[in-house]
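The values are calculated or read from the model by the stated rules, or taken from the named source; none is laboratory data. In this text the structure is predicted, and so the values were computed from the model without any measurement. Here the Cβ is made from the backbone with ideal geometry for all residues, glycine too, and neighbour counts use every protein chain on show.
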């Protein structure tokens, strides 16, 4: 049975109405144990006792590492946290369609996770990495090994999250639930026609890039990767159904966000176009996605100031 917990300056009846709207459009997947909607991470303790004891520490660590909206699964226990702790997301307290979008996104993650998608994404990322490993070893002759490994690890980790977001958002659009996630992303990135307070915050379904954008390769690539859950599914939506609002948001992202990392955005354009054209639940697509990303990372490493003549 679903337990809904709402804490903070959020109206419980507003959240319940949003959940009802989702149910009427889609039906909430069965056996979701907990949905927690809060505006301060301290309220996580409200549901701790309802989390199986052996899973409690894992859930705590996952959430407090990055207290944003997410879905967490351990065994057959599922928890959705809608965390409205950032001022840039206060619209979720009053915009029902946007709130429905966030909740639907996390519900879709659970649906797809139950079908094995998380496992397939991780497995294909590992396969692609192992196949690319000989090329990575060659980079050790020109750049510190630990730094090379760190770059590939950080980009690979973010790419895992992003790819699952692409699948979730694309599936929601196919279910005619795209307006909710469109409302969420539109408010987040272009609320009141303004940029969010810092262009350094990039929203994905699981992680936000909160560190300062620098010349660091991993941060730069991850910044553009973080925009792909908007660009790819909404770009596909426009191409298929000519949804003008989807195109407006994609264009807005390109004009106001991609331009902050124009060199990397240009380099990643082929990966974005490939994903728009070919996104599907297949090993072929996923391995190609990761390989293209690894090739780009290799190229950026070779172009960086840290890349030296062959070490003696």
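The table below gives the values:
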read-out: Complete set of residues in the stretch 125-138 that are more than 18 Å from the chain's Cα centre (by Cα) and either outside any helix (DSSP H, G or I) or in contact (Cβ under 8 Å) with a residue 60 or more places away in the chain (or both); value: 127, 128, 129, 131, 132, 135, 136
read-out: Test: residue in the stretch 185-195 that is in contact with a strand residue (DSSP E or B) (Cβ under 7 Å, 6 or more places away or on another chain) and modelled with pLDDT under 95; value: yes
read-out: Residue match in the stretch 3-17 (condition: within 18 Å of residue 105 (Cβ to Cβ), free of Cβ contacts under 8 Å to residues at least 60 places away in the same chain and not in a helix (DSSP H, G or I)); value: yes
read-out: Criterion: modelled with pLDDT of 95 or more and under 23 Å from residue 122 (Cβ atoms) - qualifying residue of 232, 250, 202; value: 232
read-out: Residues satisfying the stated conditions in the stretch 11-39, i.e. surrounded by 13 or more Cβ atoms within 10 Å (Cβ to Cβ) and touching a strand residue (DSSP E or B) at 6+ places or on another chain (Cβ under 6 Å); value: 15, 32, 33, 34, 35, 36, 37, 38
read-out: Those helices (runs of 4 or more DSSP H) lying entirely in the stretch 227-278 with at least 1 residues more than 19 Å from the chain's Cα centre (by Cα), without any contact (Cβ under 8 Å) to a residue 40 or more places away in the chain and surrounded by 18 or more Cβ atoms within 10 Å (Cβ to Cβ); value: 228-241, 262-278
read-out: Condition check for residue 285: under 23 Å from residue 124 (Cβ atoms) and at pLDDT 95 or above; value: yes
read-out: The stretch 18-30, residues that are in contact (Cβ under 8 Å) with a residue 60 or more places away in the chain, farther than 14 Å from residue 102 by Cβ and in a helix (DSSP H, G or I); value: 25
read-out: Residue 85 being surrounded by fewer than 17 Cβ atoms within 10 Å (Cβ to Cβ) and at pLDDT 95 or above; value: no
read-out: Residue in the stretch 31-42 that is more than 18 Å from residue 102 (Cα to Cα) and in a helix (DSSP H, G or I) present; value: yes
read-out: Some residue of the stretch 212-221 being assigned to a loop (DSSP other than H, G, I, E, B), surrounded by fewer than 22 Cβ atoms within 10 Å (Cβ to Cβ), at pLDDT 85 or above and within 18 Å of the chain's Cα centre (by Cα); value: no
read-out: Matching entry among 46, 61 (being outside any loop (DSSP other than H, G, I, E, B), surrounded by fewer than 16 Cβ atoms within 10 Å (Cβ to Cβ) and touching a strand residue (DSSP E or B) at 6+ places or on another chain (Cβ under 6 Å)); value: 46
read-out: Candidates 139, 182, 163, filtered to the one that is closer than 30 Å to residue 75 by Cβ and out of contact with any strand residue (DSSP E or B) (no Cβ under 6 Å at 6 or more places or on another chain); value: 163
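Every residue, every condition in (1) assigned by TED's automatic domain parsing to the domain that holds residue 73; (2) within 19 Å of residue 276 (Cα to Cα); (3) buried (at least 20 other Cβ atoms within 10 Å of the Cβ), yes or no:
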| position | (1), (2), (3) |
| --- | --- |
| 138 | no, no, no |
| 166 | no, yes, yes |
| 170 | no, yes, yes |
| 180 | no, no, yes |
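Residue-wise test of (1) closer than 21 Å to residue 184 by Cα; (2) modelled with pLDDT under 85; (3) in the same structural domain as residue 76 (by TED's automatic domain parsing).
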{"residue": "11", "(1), (2), (3)": "yes, no, yes"}
{"residue": "30", "(1), (2), (3)": "no, yes, yes"}
{"residue": "44", "(1), (2), (3)": "no, no, yes"}
{"residue": "56", "(1), (2), (3)": "no, no, yes"}
{"residue": "61", "(1), (2), (3)": "no, no, yes"}
